[in-house]
Each structure stands twice: as C-alpha cells, then as structure tokens.
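Just so it is clear, none of the values below were taken in a lab; they were calculated from the coordinates. All values reported here derive from a predicted model rather than from experimental measurement. Virtual Cβ from ideal backbone geometry, glycine too; neighbours counted across all protein chains shown.
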Amino acid sequence: MKKIKTIVSLFDGISCGLQAIKEEGIDFENYFASEIHQPAIKISDSNHPEIIRVGDVRTIDCSKFGKVNLLLGGSPCQDFTFMGKKRGMSTKEGIQILDLDHYLKLKEEGFEFVGQSYLFWEYVNVFLQTKPDYFILENVVMPNQWKDLISEIMGVQPILINSSALVPQNRARYYWTNIPVTQPEDRSPKLSDYFPQAVTGVGFRGRGDKSLPVKNGKVGYQIIKDVRKDNIANAVLTRLGGLSKTGKWNGTGHYLTVDGMIKTFSSAEAEQLQGLPKGYTNVSGVSEGLRIHGIGNGWTVPVIRHLLSGIPDLKKTSARRNPTWEERQEFEREREGKKGDSHYHFPKGW
C-alpha cells in the first residue's frame, strides 16, 4: 500500500485541498503550505493547525521538503479567465512568457509582471525541483493558447469537471493531474436539496448595448438580470455582489426564493456550495467579506476528493474529524491567553 508522507500545497488559500485529503482518509505526515493572504491563513490554521508554513511561493526553498508525494496548486486565474482581461502570462511591457527559463531570467532581471497568472511558472519550478509522485493543478476554463501551453509543460491533458455534478454550483474547472481519473458520477443536486427556500441562482451582469450613448470611447451597457433554468447557483466568486445604495442589484451570487424574492448567499451558504464543513470559515477576526473571498478562491472539496480517490493502492486511515466550532473557540481563547508563547498548542482532542 502506498503512503502519502509529504504533501506540498502552493497557493493554498483556505486549505480546501487538505480538507479533502482528511475527508478522504488519506494518511500523511507533513503538509507544507505556501500562502501569503493572512485572512486565508487564519481560516486554515483554525481548522488545520498542523500545517507547516513555507511563505511566498516565489521564495520557497524546496530542499526542506524531502521526497514529495503529492503536489497541489491552483495558480491565480484572473488573466486566463474569459471573464477577465485574458492577458495570460506576460510582463508589463507585453513580453509573453512561454517557458520556465524565460520566466526565471525575466524575474532575475527585475521585470514586473501583469496580474498574477504568471505565478503558474512558480508551480512549474517547484514541480520540476521536487518531482512529486502525484500532482494536481487547477485553473479556470481559458483560451486554448494557454490551456495547450500548460498541458505541454505538465505533460498531461486536463480533465474538465463541473462542480455541479457533486454540489449545486456551476463551477467548471480544468484539472491537470497524473492521477488516473474519470468524470465523477453526476448526482445533479439542486439548490433546494441544500436550502429548502432556494429555487435557482440569479445574477446581474453588464452587457454592451449599442443603443446607449458611448462614454469615454466605450459602448454603453446595461445590467441584465439572469435567472438560471437549471436550479443551481452561479459559481461562488470572491465577491457575490448585492443591492446598491441606489437600489440596483449587481453581481452573480444570489438566488431566487420560493416566495419570489432575491437573496444573496451568505458565507455559511457559500461554504456548503463548496462542500466545506459548516462554520469552516467562521473564524474570529475574519469578516463576512473575507470569508466569501476565501471560499470563492477555494476548491470544491468533493471534486478534489474524487480526484484523490484515483490514487492507486493508497493507504488510508479513518477520515479525520474537523474541530468543532466550540473547540476552535477554545483554541482561540487559549492562544489569546498565551501571547508570549512562540509555538502553537492544540486544544484537547485535536
């Protein structure tokens, strides 16, 4: 039986990958995580205090890992997505980055890069240095230019999985992995299975309208209400939108109720749409908006569990229990009471 001793997670976010690993009952010893967003780190550490932090992905020392059995990562997507600017991986001068050596040379010479999608090359750098037994790389549906480049670099074609097969959320994502996997069984859950008062997802999107006046050289647009016909939610993003002070709706993180009202998903509801345990992001000092941000940047836990289940002859133990909300509160009180300590301590039962 194979054992996953050492796991490295890049762009770890709120550690949805580790949550999936625990729920799948995968036995491991070390989980190294690279993440720099402090609210996300706070959420992760509250749920998984055993995480070993390794800082910024751009300055990682891979020699401390030893043999890596599993490498995880979902590099930033904003410049790949069809909803974004589709700038891909390039410098601010417009130089496209098409291989790792070119990226490292530009980095050494002090070039500044557009957005954050260029950080894919940091994943590649760690991948080549550590030579993991298994890897998972996640990203959004993107133009073929970048999908084909990533596929060539990683040596595999991605599998396109929509989270809607396992949770009531429309979230199509590419997963590059050397784990033998197929599509998950399509359970086609509906919003009403999770939230009895919910009917279907609702979004408000801006669309160009040539009949409107041109402003600053741009075609005018109007906000269009879009009610889904499949009774699931739109993708959970880092911002859900809401009702403005002028009484206008914006964003795509809403749903239609059985009473015909429109409501915005709460962070607790967004957790469920990503397959996270109840209260996973309910951490002292993390606002509702930052909870949503972490959830929207995260992975759908059941999808990652499905991918991990494809690892052949894997040694498993019983699924690890997440600390309860009460236990996390106790942990916070203990930590606040011992601010002088230079080490973590765990509440009983962890």
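List of remarks:
- A viscosity of 1.567 mPa s and a temperature of 4 °C, combined with the Kirkwood radius over Cα pairs in Stokes-Einstein, give a translational diffusion coefficient for the stretch 191-272 of 94 µm²/s.
- Protection proxy ranking, peptides 249-257, 33-41, average beta carbon neighbours within 10 Å, highest first: 249-257, 33-41
- Length-normalised contact order of the stretch 191-272 in % [C-alpha pairs under 8 Å, at least 6 apart]: 32
- Judged by the mean number of other Cβ atoms found within 10 Å, the most tightly packed of the peptides 241-248, 278-285 leads the ranking 278-285, 241-248.
- For the stretch 138-196, the C-alpha radius of gyration sits at 1.34 times the compact-globule guess of 2.2 N^0.38 Å, with N the residue count.
- Compactness of the stretch 241-291, taken as the C-alpha radius of gyration over 2.2 N^0.38 Å, stands at 1.29.
- Counting neighbouring beta carbons within 10 Å and listing from fewest to most, the residues Ser287, Ser44, Ser151 come out as Ser287, Ser151, Ser44.
- For the stretch 28-75, applying the loop criterion from DSSP together with a ceiling of 15 other beta carbons within 10 Å to the trypsin sites (Lys or Arg not before Pro) yields Lys67.
- Residues Tyr194, Tyr175 arranged by fewest to most Cβ contacts within 10 Å: Tyr194, Tyr175
- Coarse-grained scattering of the stretch 1-146 at q = 0.08, 0.17, 0.19 Å⁻¹, given as base-10 log I(q)/I(0) from a Debye sum over alpha-carbon atoms: -0.23, -1.00, -1.18
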